[in-house]
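Reading through the structure tokens given below for one structure.
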Amino acid sequence: MKPSTGTGLFTAAVFALGVAALAGTGESVAQDPAARMSPENTQADTAPAEPAAKLPAYRDLRRITRLRGDPAAGKAKSELCAACHGAAGISIAPNFPNLAGQRAEYLYWELVEYQSGAMPESAMTPLAASLNDQDMRDLALYYASLPAGRAPAQEEAPAPDTALLERGRQLFMEGDHGKGLPPCQGCHGADAGGHPLAARDDRDGHAPWAAYPSLRGQNAIYLQVRLNAFRTAQIHHSTNDFVMGGVGQRLDDDTISALSAWLAAQGP
């Protein structure tokens, strides 16, 4: 499936919302974000979680590099994670995300956000606080190595209304110009499997596109909660969050429901 005409321009416009948001953080991109954000630089990430007031102004995910670690060690550390995310990375309940087959870089930086206290309080908060940087690398690489899938309950669930699914497909592929919504495929790929350049480094050796998650086959309830968190500005500590925050402000209950239903209906 090819991207819709105008996707690049419309997505660039929304990314500009994120760039504009940087101006209000009090921290410049020029202040060596590459050194701060590289997974090889772990000093900040291995420290105990700090109060929100001491968090970095933002995390620049445009400067991340490829993750290195030990997936086998991650498997050995995953027993506690399995209680919610399943032994094979497929969640046991619809309010938890499937992790199997997700990009390692995305998973790692999500864990960093949880550990630092940047995410809303949840069951993940104390669990992430118990991890060190190597744990997070290993776990991210382990779950990325697993085949994507869906829980049996997802497979057996009644199909959503066809009109709702079509609305979700249109929003994902084309956006809604009247609401100022860009097509989601601009960052998450035409197949909703992640950015099409996720496996490619830029000319400076960074991997910015690997930080965009795959969304296809994800639990609808989890997607609804996550999109609503962006809508209500609960998640706002990375450059990617700024982009999604700009999108979230333009979402409403109907668009969230349609997008979540369509994405959940896609095969893994």
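The values are calculated or read from the model by the stated rules, or taken from the named source; none is laboratory data. The structure displayed is predicted, hence computed values, not measured ones. Neighbour counts run over all protein chains shown; Cβ positions are idealised from the backbone, glycine included. Just so you know, the surface numbers come from the protein's heavy atoms only, side chains and all, with ligands and any DNA or RNA stripped out. Shrake-Rupley method; radii C 1.70, N 1.55, O 1.52, S 1.80 Å.
Rundown of residues vs (1) modelled with pLDDT of 95 or more; (2) crowded, with 23+ Cβ neighbours inside 10 Å; (3) not polar (S, T, N, Q), yes/no style:
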| position | (1), (2), (3) |
| --- | --- |
| P196 | yes, no, yes |
| D201 | yes, no, yes |
| Y222 | yes, no, yes |
| L227 | yes, no, yes |
| R231 | yes, no, yes |
| H236 | no, no, yes |
| T255 | yes, no, no |
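List the helices (runs of 4 or more DSSP H) that sit entirely inside the range 66-134 and contain at least 2 residues that are within 30 Å of A157 (Cα to Cα) and under 15 Å from the mean Cα position of the chain (by Cα).
Numbers: elements: 71-76, 79-85, 104-116, 124-129.
Filter on the range 66-134 gives 104-116.
Give me the helices (runs of 4 or more DSSP H) completely within the range 161-268, filtered to those with at least 1 residues that are under 21 Å from Q102 (Cα atoms), among the β-branched types (V, I, T) and under 18 Å from the mean Cα position of the chain (by Cα), ordered by residue number.
Values: elements: 162-174, 185-188, 220-231, 239-248, 253-265.
Here the list reads 220-231, 239-248.
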Residues that are under 23 Å from A57 (Cβ atoms) and modelled with pLDDT under 95, drawn from the range 125-144
T125, A128, A129
Could you give me the residue pairs with C-beta distances under 9 Å whose first residue belongs to the range 156-174 and is under 24 Å from G248 (Cβ atoms) and among the basic types (K, R), whose second residue is open to solvent by 70 Å² or more (accessible area, probe 1.4 Å) and not in a loop (DSSP other than H, G, I, E, B) wherever it lies, and which are 6+ apart or on separate chains?
R167/D254
Go through the range 238-250 residue by residue and tally those that are crowded, with 21+ Cβ neighbours inside 10 Å and either in contact with a Lys or Arg (Cβ under 7 Å, 6 or more places away or on another chain) or of a type in the set (S, T, Y) (or both).
3
Can you name the residue in the range 107-116 that is among the hydroxyl-bearing types (S, T, Y) and open to solvent by less than 30 Å² (accessible area, probe 1.4 Å) and is also nearest to A207 (Cα to Cα) among such residues?
Y108
Picking from S145, S122, the residue that is without any contact (Cβ under 8 Å) to a residue 12 or more places away in the chain, in contact with a helix residue (DSSP H, G or I) (Cβ under 9 Å, 6 or more places away or on another chain) and of a type in the set (S, T, N, Q) would be S122
Neighbours by Cβ (under 8 Å, 6+ apart or cross-chain): first from the range 86-104, open to solvent by less than 60 Å² (accessible area, probe 1.4 Å); second acidic (D, E) and assigned to a loop (DSSP other than H, G, I, E, B)
none
